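Read through the structure below, which is laid out as structure tokens, and then see the notes.
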Amino acid sequence: MRRRDFLAAAAGLAAVVANPVSALAATEQRPGAAHLPDLDLGDFPVVARVRARNALEHLKVLSDRIGPRIGGTESEHRARDYLVRELKSLRYQVTTQPFTVPDKYLAEIDGRWQAGASRFGTLGVTVTAPFVEVVDGELPDLTGKIAFYVNAPAGSAPTFAAVERGAVAVVLGRISATASKSGAYSPTLDRDVAVPVIGLAQVHTEQLRARGSGELTITTTHHPNLTSYNVIADRPATFPRRDNGVVMVTAHYDSVPGSPGANDDGSGTVLCLELARVLRHLPTHQALRFALWGSEEQGLLGSRHYVSQLALEEIARIKGVFQNDMVATSHDPATAYWLLSVDGADNATTAGVRAAAQRLGYDPRVHGPVTRGSSDHVPFHEKGVAAANFSWRGEGGPAQLEPIYHTPEDTIRDNISPERLQVSLELIGAAAYRLAVRK
């Protein structure tokens, strides 16, 4: 038996001795699996111990209590502080890595809905007034009122026309003609106006239209001079007599304006926290590193900053990056677990997850690898590091996202499957541990 196999077997045997009931349960057919598992002993310490319910307790904090986690703002900083506390409690070496990010323009409606604010409108103000939906045809007198447009024609003209008719604020809402719903956004105008202008998510647009009339209180805020943070947690190799490298498990913890980001990407974040708990004491030849990225939603800013700061020798140490983005949706058609590499080629991470799926009985649900960027594996791939993104999507392809992606409805209640989260935990945990015990 090779030494790495011996180490994994020893850890597996320890798991059996410490908790024979959990170890026995690990040999049973998994929910959603096609066949009984055929586990290596090294799989037991992960599969027998990972629990979606533990991860969901963290998700309640991130998604329900903190809510939208907008890169560089106080909301993202609250999430950062929570992640740091949890990882330190697990005895990881935790560091935060700051980097600057662009200004944010946000709005609140009645103190409960978050929307985007236009930087071309008035910022730092609160307006309370009745709203009027503006429909096709001649504009009514809007003096002292809030103009509410649904699917207004593209361009700035509707906003300017409403202001000329006396509107004290303009609310722009979108209702998509497709199954995918629209999220909050910051409207772009071609010149400044002297009233607040906000972009409302579809679900709130529909609710406002159903209400028909009444007062709204709109507050707009400009967030300048922002700093976002990556949270990095390290654990050295168990046998550090020689530098065998590092295995990374990663996710982004920010979300888009208006969205509590339960699946995108609270799910990937809490997967990292649960695997950090399970893997912390297991013997490995590789170091373990959990990285939670800030400001992914603005263009992979956190992971790009991290990679840009790595020396060539540090890049060479990374044996694999398992990036987890949207790993628990409950959307019914999202039954495929996708292996997504930038070039569509197999690498140490995709091969590891596919092999874990075969051992666990999940292999019919696993698709790929196929070509896909758009997540934090991209900067690592660009430096030649084995990296991939892992995600639940539709059977027809990884572009088939749940309709409430990037919306206020991305909540635990509406968009999280504990069963799919458990599958994700087992697949990534088994694959990452297998790679980490390699010599």
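Here is how the numbers come out for the structure above:
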read-out	value
Among the residues listed as 224, 153, 196, the single one being modelled with pLDDT of 95 or more, loosely packed, with under 12 Cβ neighbours inside 10 Å and out of contact with any His (no Cβ under 7 Å at 6 or more places or on another chain)	224
Enumeration of residues in the stretch 257-272 that are aliphatic (A, V, I, L, M) and in contact with a strand residue (DSSP E or B) (Cβ under 9 Å, 6 or more places away or on another chain)	270, 271
Those residues of the stretch 366-410 which are surrounded by fewer than 17 Cβ atoms within 10 Å (Cβ to Cβ) and in contact with a helix residue (DSSP H, G or I) (Cβ under 6 Å, 6 or more places away or on another chain), in sequence order	383
Residue in the stretch 268-291 that is small (Gly, Ala, Ser), free of Cβ contacts under 8 Å to residues at least 40 places away in the same chain and farther than 30 Å from residue 181 by Cβ present	no
Residue 135, sole failed condition from (1) surrounded by 13 or more Cβ atoms within 10 Å (Cβ to Cβ); (2) of a type in the set (A, V, I, L, M); (3) over 31 Å from the mean Cα position of the chain (by Cα)	(1)
Some residue of the stretch 301-314 being under 22 Å from residue 261 (Cα atoms) and touching a His at 6+ places or on another chain (Cβ under 7 Å)	yes
Residue check for residue 430: assigned to a helix (DSSP H, G or I) and crowded, with 22+ Cβ neighbours inside 10 Å	yes
Residue match in the stretch 111-127 (condition: polar (S, T, N, Q), open to solvent by 20 Å² or more (accessible area, probe 1.4 Å) and in contact with a Lys or Arg (Cβ under 9 Å, 6 or more places away or on another chain))	no
Condition met for residue 171 (farther than 26 Å from residue 401 by Cα, in contact (Cβ under 8 Å) with a residue 40 or more places away in the chain and not aromatic (Phe, Trp, Tyr))	yes
Qualifying residue in the stretch 64-71 (condition: touching a strand residue (DSSP E or B) at 6+ places or on another chain (Cβ under 9 Å), among the small types (Gly, Ala, Ser) and open to solvent by 30 Å² or more (accessible area, probe 1.4 Å))	no
Matching residues, the stretch 25-44, being open to solvent by less than 50 Å² (accessible area, probe 1.4 Å) and either polar (S, T, N, Q) or within 21 Å of residue 279 (Cα to Cα) (or both)	25, 26, 30, 37, 39, 42, 43, 44
Every residue from the stretch 275-306 that is over 15 Å from the mean Cα position of the chain (by Cα) and not in a loop (DSSP other than H, G, I, E, B)	275, 276, 277, 278, 279, 287, 288, 289, 304, 305, 306
Residue in the stretch 311-365 that is least open to solvent (accessible area, probe 1.4 Å), counting only those that are in a loop (DSSP other than H, G, I, E, B) and without any contact (Cβ under 8 Å) to a residue 40 or more places away in the chain	344
Within the stretch 411-427, tally of residues that are of a type in the set (A, V, I, L, M) and either open to solvent by less than 10 Å² (accessible area, probe 1.4 Å) or out of contact with any helix residue (DSSP H, G or I) (no Cβ under 7 Å at 6 or more places or on another chain) (or both)	4
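The values are calculated or read from the model by the stated rules, or taken from the named source; none is laboratory data. Computed from a prediction, not measured in an experiment: that's the story for all the values here. So basically every Cβ, Gly included, is an ideal-geometry build from the backbone, and we count neighbours across all protein chains shown. The protein model used for the area step is the full one, side chains on, heavy atoms only, and it has no ligands, DNA or RNA in it. Shrake-Rupley method; radii C 1.70, N 1.55, O 1.52, S 1.80 Å.
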